[in-house]
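Remarks on the structure that follows.
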């Protein structure tokens, strides 16, 4: 004869089974299980956000600064992933209006000294950040998708200074996407000329409202980043709706 479990025990077992159903499986998609904030996937939602707050509009940087030099690494194989993360022929990049206008002032300031800016990256679709996280689980160098990144919000930019006469980069001691202590803002075991180059970039960017990231000499964010939504809009769609 089959033994019946006490009613209270049966209730506890059912409750535990219910909890197990709520827990994500080990192979659950990263974007579905750890994202804490909503992501804007639809153009219509982005346009509504801009209508309510025009400063959220995305500006293509070349349209503001024709003399700006692009070296968009994630559209090439020359990056830490060693594969293209953006479409091969990507030749556009964006920032939100306040950050873009501030960067324009940085460029103007440097031009007076015979210098200019080279952009490695600015706006980055959220899906790319998820792929980065799958490879590098280190929040010092890659944004955790549960928070999104300044790049996803359109308010972070990776850049360096160039000599306008030669278009050559000033020596910053390391290349872009260097995951070593020598790329940190506070690292000072470098020749004085290199330290002065980093100082020039930092002081100029901070003068116009950007904030330096301590682990990467090339990474700067607009001061009000949390105010902007995380976007996952392809470059082509942004180009079309911004008219660039």
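The values are calculated or read from the model by the stated rules, or taken from the named source; none is laboratory data. In this text the structure is predicted, and so the values were computed from the model without any measurement. Cβ atoms come from the backbone with ideal geometry, glycine included; neighbour counts cover every protein chain shown.
Of all residues in the stretch 137-149 being surrounded by 15 or more Cβ atoms within 10 Å (Cβ to Cβ) and out of contact with any helix residue (DSSP H, G or I) (no Cβ under 7 Å at 6 or more places or on another chain), which is nearest to residue 217 (Cα to Cα)?
So in the stretch 137-149, the residues surrounded by 15 or more Cβ atoms within 10 Å (Cβ to Cβ) come out as 141-145, 147-149.
Filter once more, so that each one left must be out of contact with any helix residue (DSSP H, G or I) (no Cβ under 7 Å at 6 or more places or on another chain): 141, 147.
Working: 141: 12, 147: 22 Å.
Looking at residues that are surrounded by 15 or more Cβ atoms within 10 Å (Cβ to Cβ) and out of contact with any helix residue (DSSP H, G or I) (no Cβ under 7 Å at 6 or more places or on another chain), I get 141.
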field: helices (runs of 4 or more DSSP H) completely within the stretch 1-90 that count 3 or more residues being farther than 30 Å from residue 163 by Cβ and modelled with pLDDT of 90 or more
entry: 43-52
message: Looking only at the stretch 116-133, count every residue that is over 21 Å from residue 46 (Cβ atoms) and either touching a helix residue (DSSP H, G or I) at 6+ places or on another chain (Cβ under 7 Å) or not in a helix (DSSP H, G or I) (or both) and tell me the total.
response: 6
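Taking the options 131, 89, name whichever one is surrounded by 14 or more Cβ atoms within 10 Å (Cβ to Cβ) and more than 26 Å from residue 200 (Cα to Cα). First the steps, then the outcome.
Working: 89 fails: surrounded by 14 or more Cβ atoms within 10 Å (Cβ to Cβ).
Of 131, 89, the one residue that is surrounded by 14 or more Cβ atoms within 10 Å (Cβ to Cβ) and more than 26 Å from residue 200 (Cα to Cα) is 131.
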- prompt: Quick check: is even one residue across the stretch 100-122 surrounded by 20 or more Cβ atoms within 10 Å (Cβ to Cβ) and more than 28 Å from residue 196 (Cα to Cα)?
  reply: no
- request: Please work out if residue 201 is out of contact with any strand residue (DSSP E or B) (no Cβ under 9 Å at 6 or more places or on another chain) and modelled with pLDDT of 95 or more.
  value: no
query: What is the number of the single condition among (1) at pLDDT 95 or above; (2) farther than 18 Å from residue 238 by Cα; (3) touching a strand residue (DSSP E or B) at 6+ places or on another chain (Cβ under 6 Å); (4) not in a helix (DSSP H, G or I) that residue 113 does not meet?
result: (3)
